[in-house]
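Below you'll find the structure, written out as structure tokens, and then a few comments.
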Amino acid sequence: MLYSEKVMDHFRNPRNVGEMPDADGIGEVGNAKCGDIMRMYIKVIDGIITDVKFMTFGCGSAIATSSIATEMIKGKSIDEALELSNQAVVEALGGLPAHKIHCSVLAEEAVKAAVKDYYDKHGIAYDQEKYCAGNCPCIHEHDIHD
């Protein structure tokens, strides 16, 4: 399968790239198998993600999925952001080759990791089941930095 125009556009012109020094939540995930690493930053005001940035080291699909995921959660509530699925990311990009679907999973996990970090930093209780239970291929920020 060739990449869709939307994938190529988000790869060539990624949106919301950069670091956010004053982020309310930072999520970092990676896939040791392919070497892709995503770091997602969120700014939250009154439960709404008012700004989001990302830094991704990886292939074109990893960059494109990160880029579109930021667009999909910006301006949304935390709860809405947590509903972002890798399938929604793939659909928004007009599809991905089967061997690149893991990139959309990383984008979903990066959003969840950033929200979890936000909750942890602010002492907000949350439902553990909404997050990776440790049986997925991602590496959470604590695993990377510890």
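The values are calculated or read from the model by the stated rules, or taken from the named source; none is laboratory data. Model, not experiment: these values are computed from the prediction. Because the Cβ atoms are built from the backbone with ideal geometry, glycine has one as well, and the counts that use them run over all protein chains shown.
For the condition on the phi < 0 side of the Ramachandran plot and either surrounded by 19 or more Cβ atoms within 10 Å (Cβ to Cβ) or not charged (D, E, K, R) (or both), K43 does not qualify.
Would you confirm whether any residue within the range 65-81 is touching a strand residue (DSSP E or B) at 6+ places or on another chain (Cβ under 8 Å), of a type in the set (D, E) and more than 12 Å from R15 (Cβ to Cβ)? Checked the range 65-81: no residue is touching a strand residue (DSSP E or B) at 6+ places or on another chain (Cβ under 8 Å), of a type in the set (D, E) and more than 12 Å from R15 (Cβ to Cβ). From the set of residues in the range 109-131 that are of a type in the set (V, I, T) and modelled with pLDDT of 95 or more, which is farthest from A62 (Cα to Cα)? Filtering first and then ranking leaves V115.
Taken together, the residues in the range 51-94 that are more than 12 Å from the chain's Cα centre (by Cα), buried (at least 16 other Cβ atoms within 10 Å of the Cβ), in contact (Cβ under 8 Å) with a residue 40 or more places away in the chain and outside any helix (DSSP H, G or I) amount to 2. For G94, indicate whether it is within 29 Å of M8 (Cβ to Cβ), modelled with pLDDT under 95 and in contact with a helix residue (DSSP H, G or I) (Cβ under 9 Å, 6 or more places away or on another chain). Criteria not met by G94. Does the range 19-29 include one or more residues that are of a type in the set (D, E, K, R), out of contact with any strand residue (DSSP E or B) (no Cβ under 9 Å at 6 or more places or on another chain), over 10 Å from A110 (Cβ atoms) and not in a strand (DSSP E or B)? No, the range 19-29 contains no residue that is of a type in the set (D, E, K, R), out of contact with any strand residue (DSSP E or B) (no Cβ under 9 Å at 6 or more places or on another chain), over 10 Å from A110 (Cβ atoms) and not in a strand (DSSP E or B).
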